[in-house]
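Some notes on the structure that comes next.
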Amino acid sequence: GGERLTPRRFRTLGYGFGSSASFDGLHYLLEEAFVGTEPSGTLSDTFLHGVNAAVGYATRPLFALMHEAIYCQRTASNWAAHRVLDEFPEFEDERLFVGEMIYPWFFDEDPALRPLKECAELLAAYEDWPALYDTGRLAANTVPAFAAVYYDDMYVDREHSMRTAASITGLRAWVTSEYAHNGLSA
């Protein structure tokens, strides 16, 4: 796509590990990384286009912009994923992939996101978010509700999901290890 493939951008290929099909997809992408049969240091066009499609946000800029903001409740995100990564230097290892996180540097390195950088900074600093849920109303729910809880969900802790499900009257949780985080789309 014209941007540089930096080690930190490469690491974001772990974005899809919450999806049941993404491990195979990454395997096949890496299998075709180099031109020829031996690693020559020359990256193939197939690989570069595949990486660009996986880590670029040209088709989903609002996802990058709003990803952390949708979880905020009465506080600013202040780039939460980036701050947490800084707290654990052992995860700065360039050999490790990272999951579905949005980092402030995305808005410098991805051409589709550069025009949104100022907006992203404003959203990351915004503190006046309302409460996300009315726990009293959820506890008094009278409508039958169902939720899928994925046993090994990379993004949502199962025990947290079960505590939340138990706090909603009339909610039945279906716990499964058949799917990853992408059960609905799978």
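The values are calculated or read from the model by the stated rules, or taken from the named source; none is laboratory data. Keep in mind the model is a prediction, meaning the values are calculated, not measured. Please note: Cβ atoms are built from the backbone with ideal geometry, for glycine as well, and neighbour counts cover all protein chains shown. Side chains are part of the model used for accessible areas, which takes the heavy atoms of the whole protein and leaves out ligands, DNA and RNA. Shrake-Rupley method; radii C 1.70, N 1.55, O 1.52, S 1.80 Å.
For Val149, the residues whose modelled amide H falls within less than 5 Å of its own, excluding neighbours fewer than 5 places apart on the same chain, are Trp174, Val175, Thr176.
If only the Cβ of Lys and Arg carry +1 and only the Cβ of Asp and Glu carry -1, the dipole of segment 2-101 around its Cα centre is close to 440 debye. GNM on the chain, alpha-carbon springs under 10 angstrom: the most fluctuating residue among Ala147, Ala54, Ala76 is Ala147.
On a 1.4 Å probe surface of the protein chains, which of His67, His181 comes out largest in accessible area, and what is the full order? Don't jump to the answer; show the numbers that get you there.
Details: His67 20, His181 70 Å².
I get His181, His67, largest accessible area first.
Checking the a/c ratio against 1.5 first, then a/b against b/c, what shape does the Cα gyration tensor give for segment 121-186? Cα axes put segment 121-186 in the oblate bin.
Expressed as a fraction of 2.2 N^0.38 Å, the value expected for a compact globular protein of N residues, the C-alpha radius of gyration of segment 1-71 is 1.23. The radius of gyration of the Cα set in segment 49-169, together with its Dmax, comes out at 17.4, 50 angstrom.
Take every pair of alpha-carbon atoms less than 8 Å apart whose residues are at least six positions apart; their mean separation over the length of segment 76-138 yields a relative contact order of 43 percent. Computed over segment 62-179, relative contact order equals 26 percent, with contacts defined as Cα pairs under 8 Å that lie 6+ residues apart. Relative to the dominant Cα principal axis of the chain, helix 45-55 is inclined by about 20°.
Charging the Cβ of each Asp and Glu at -1 and of each Lys and Arg at +1, and nothing else, the dipole of segment 26-171 about its Cα centre rounds to 780 debye.
The accessible area of Thr176, taken with all protein chains in place and a 1.4 Å probe, comes to roughly 10 Å².
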